[in-house]
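K.L.:
Pasting a structure below so you can have a look.
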Amino acid sequence: MFCVKCGKEGETFDGLCIECFLNGKQLITMPHHVDLERCANCEEFRINGHWVATPLKEAVEDAALSSMAAIDGMRVVSAGVMTEEKDNRNFTVKADVDGKLKGHAVRSSAETIVRVKNNVCQRCSRQLGNYYEATIQIRAGSKELSDAHRDATVRYIRDRIENMAATNRGIFLTKVEEVQGGVDLYVSSTSLGRTLAKELSDAYGAETKESSKLIGKTEDGNDMYRMTYLVRMPEYHVNDVVIFEGEAYKLAGIGKGNGKLIKLSDLRESSIRRSQMSSLRVHTRFSEIIKATVVSRSENEIQILHPYNYSTVDVKIPKGAEIKDTADVAVIDGIVFFVP
């Protein structure tokens, strides 16, 4: 076989030797310009149809490389780019590409202009427009929701949404409103509202109810509903001192099916079924537990100053408990108990 152009003998491609085949051929191409969308609110960039958080230079280079096309049969092995900023919205990007074509190593170059265009991503558009699909209503079981209860619950929801949003851009908290008796949180999706309501029930022993309201039709004619998840928080909270069946306990934890109690009289642990927890009566909230001055200690007891009359009182403590200058105590029917 010989090249029909230069006469060289050897392997040919479409009648040409590799040198003549490649002579003047543009192996890679880029369009004259590429538009790179940047959200004016969150400043994320739209790359290959997805909004991503990335530095400007990387976004510009990714946009340029995504627009690159190679001729049939060429495999790109590596690509290097050089970026020149013309102004804060326009960049010239040159790509130098090494590849394989018909078993031969080849190199080619191309360049394009990347133009940064401001837009608003769907998530920010929805947030800015107060979009929501579900409301989580946090209420107390009987009295007003305490500030501590409200703040802890809102913080829990904010943290959970932030964690989930790291892998799902469709998740966000639209707004938080304090209302009579509690707080309302508006979230981006029905599934998110249902998930958070269940988590609050598991974490705090709360009762939950859900309801729906028809708000219109979808584009394909199906009914569109907005969901409300009522989360009724119990009077008790983890670390509160509670009374159960006439005895004083510390509520040490709440699980999906039961609670964990520590009896203050003997410091023994026990469990309580969720169905029994409605019988718990709060004696001392965690925020109201008293710190008493420690006078001396032994392995199983400490001597403290009574928080009301400053007399010396012996109080039982767990073996190995770390006690320094003060100890957490609760006074119940005149008796001082250590609160572990």
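The values are calculated or read from the model by the stated rules, or taken from the named source; none is laboratory data. All values reported here derive from a predicted model rather than from experimental measurement. No Cβ is skipped: glycine too gets one built from the backbone with ideal geometry, and neighbour counts run over all protein chains shown.
K.L.:
From the residues in the range 266-283 that are at pLDDT below 90 and among the polar types (S, T, N, Q), which one is surrounded by the fewest Cβ atoms within 10 Å (Cβ to Cβ)?
P.N.:
The qualifying residue surrounded by the fewest Cβ atoms within 10 Å (Cβ to Cβ) is S275.
K.L.:
Those residues that are in contact with a strand residue (DSSP E or B) (Cβ under 7 Å, 6 or more places away or on another chain), among the hydroxyl-bearing types (S, T, Y) and farther than 21 Å from V241 by Cβ, I need them from the range 292-340; list them, please.
P.N.:
Scanning the range 292-340 gives S296, T312.
K.L.:
Within the range 168-188, which residues are within 22 Å of L128 (Cα to Cα) and crowded, with 17+ Cβ neighbours inside 10 Å?
P.N.:
Result: R169, I171, F172, L173, T174, V183, L185, Y186, V187, S188.
K.L.:
Could you figure out which of (1) on the phi > 0 side of the Ramachandran plot; (2) not in a loop (DSSP other than H, G, I, E, B) isn't true of Y156?
P.N.:
(1)
K.L.:
Next question. Checking K198 against (1) of a type in the set (K, R); (2) in contact with an Asp or Glu (Cβ under 8 Å, 6 or more places away or on another chain); (3) within 20 Å of T135 (Cβ to Cβ): exactly one of these is not met. Which one?
P.N.:
Among (1) of a type in the set (K, R); (2) in contact with an Asp or Glu (Cβ under 8 Å, 6 or more places away or on another chain); (3) within 20 Å of T135 (Cβ to Cβ), the lone unmet condition for K198 is (2).
K.L.:
State all residues of the range 310-340 that are surrounded by 13 or more Cβ atoms within 10 Å (Cβ to Cβ), closer than 16 Å to N300 by Cβ and of a type in the set (G, A, S); if no residue qualifies, say none.
P.N.:
If the condition is that a residue be surrounded by 13 or more Cβ atoms within 10 Å (Cβ to Cβ), closer than 16 Å to N300 by Cβ and of a type in the set (G, A, S), then A321, A327 are the ones that fit.
K.L.:
Has the range 141-159 got at least one residue that is modelled with pLDDT of 85 or more and under 27 Å from R46 (Cβ atoms)?
P.N.:
yes
K.L.:
Additional query: What strands (runs of 3 or more DSSP E) lie completely within the range 78-145 and have 1 or more residues being exposed (fewer than 12 other Cβ atoms within 10 Å of the Cβ) and at negative phi?
P.N.:
Numbers: elements: 90-101, 104-119, 134-140.
Output list reads 104-119.
K.L.:
Another question, then. Pairs only if they're at least six apart or on different chains, beta carbon under 6 angstrom, first in the range 216-240 and farther than 30 Å from S287 by Cα, second of a type in the set (S, T, Y) and outside any strand (DSSP E or B); list them, first residue then second.
P.N.:
Close Cβ pairs satisfying both conditions: M224/T218; M227/T190.
K.L.:
Anything in the range 217-271 that is among the acidic types (D, E), under 31 Å from the mean Cα position of the chain (by Cα) and assigned to a loop (DSSP other than H, G, I, E, B)? List them, or say none.
P.N.:
Selection gives E219, E235, D240.
K.L.:
Here are some conditions: (1) modelled with pLDDT under 90; (2) touching a Phe, Trp or Tyr at 6+ places or on another chain (Cβ under 8 Å); (3) crowded, with 17+ Cβ neighbours inside 10 Å. K213 meets all but one. Which one does it not meet?
P.N.:
Unmet for K213, out of (1) modelled with pLDDT under 90; (2) touching a Phe, Trp or Tyr at 6+ places or on another chain (Cβ under 8 Å); (3) crowded, with 17+ Cβ neighbours inside 10 Å: (3).
K.L.:
Right, next: Just give me the residues in the range 235-271 being under 19 Å from D202 (Cα atoms) and out of contact with any strand residue (DSSP E or B) (no Cβ under 8 Å at 6 or more places or on another chain), in sequence order.
P.N.:
Within the range 235-271, G255, K256 meet the criteria.
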